[in-house]
Amino acid sequence: MMSSMEPAVQELAADIAVLDDDHDFRTYLEDFLKDESIYAVRTFPTATDLFNGCEERSPDIVLLDMKMGDTTGDKVLEQLLARWPGMCVIIITGYPSLEDMRATFKLKVFDYLAKPFSLAQLRQVLEHAVNTFRLGRAPQDRLRERLGHSIKMMRVERDWSLKDLAGHTRLSVSQISAIERGTNLPSIESLLAICRAFERKPSEVLSAIDF
């Protein structure tokens, strides 16, 4: 039993994966992120290693090097976002160009850091990512928020109002509103009713939020 004198365990803000073929730079980033004490960090020298690591445990944030010998970061980026939609990817590169920045932002990259960057810059970008993606929250909070957002997006795509969805599900407008805001997690019965309204399987809806 933990005594009252023992410090509480600090909750991690994010799980970070680093892909870079430069061993020294990987070690540099790994040491810095571990010293921050609020991140779990894994580093990978190749894209294949990164993909395998993501299969084992999906990271919250990926720091992706754009120039790695024969491997191009844009191809890795396309595969990452195709397999894990909505993943937060931050580009790091020693060969920055306006054209590359435009191309990567079109692929929904969160941010772009040009080497050499300061640790203060990296810290600021990571803090922004954690706040934007609402990372570091309790798992149940993140589940409610992601599922609620996904349901809202499905409703918007149908051009339905809250009242329209209520009519299709026999749930109240207030119930649906609370679910979409992430205030309440839908019951099994409510989730089934919502999925039927959108003609989607519950497994499809849940897998889409990548939780």
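The values are calculated or read from the model by the stated rules, or taken from the named source; none is laboratory data. This is a predicted model, so every value here is computed, not measured. For neighbour counting, all protein chains shown are included, and Cβ atoms are generated from backbone atoms with ideal geometry for every residue, glycine included. When the accessible area is computed, the model is the full protein with side chains, heavy atoms only, and any ligands, DNA or RNA have been set aside. Shrake-Rupley method; radii C 1.70, N 1.55, O 1.52, S 1.80 Å.
Which FRET efficiency value, to the nearest 0.05, is calculated for Asp74 and His23 with the Förster distance at 25 angstrom and r the Cβ-Cβ distance?
About 0.65, to the nearest 0.05.
Among [x] 1.08; [y] 1.19; [z] 1.31, only one was calculated for this model; which label is it, if the read-out is Cα Rg over 2.2 N^0.38 Å?
Label [y] holds the value from this structure.
Under 17 Å Cα-Cα from Lys75, which lysines qualify once same-chain neighbours fewer than 8 residues away are excluded?
Lys67, Lys106, Lys108
Tell me, what is the percent relative contact order of the range 99-189, built from C-alpha pairs under 8 Å that lie six or more residues apart? Could you put the intermediate results ahead of the total?
Values: 47 pairs, mean separation 23.0, N = 91.
Relative contact order here is 25 percent.
Let a ≥ b ≥ c be the square roots of the eigenvalues of the Cα gyration tensor of the range 152-204; is it rounded (a/c under 1.5), or, if not, prolate (a/b larger than b/c) or oblate?
Details: a/c = 1.32, a/b = 1.03, b/c = 1.29.
Rounded.
Might you report the magnitude of the Cβ-based charge dipole of the chain about its Cα centre, with Lys and Arg at +1 and Asp and Glu at -1, to the nearest 20 debye? Please report the intermediate quantities before stating the final value.
Numbers: 26 positive and 33 negative charges, 242 e Å.
Computed about the Cα centre, the dipole is about 1160 debye.
Got a sec? What order do Arg158, Arg26 fall in by accessible area at 1.4 Å, biggest, i.e. largest, first?
Numbers: Arg158 95, Arg26 30 Å².
Output order, biggest surface exposure first: Arg158, Arg26.
Quick one: ranking Trp84, Trp160 by accessible area, 1.4 Å probe, largest first, what do you get? Please list the in-between numbers first.
On the way: Trp84 20, Trp160 45 Å².
Most to least solvent-accessible, the answer reads Trp160, Trp84.
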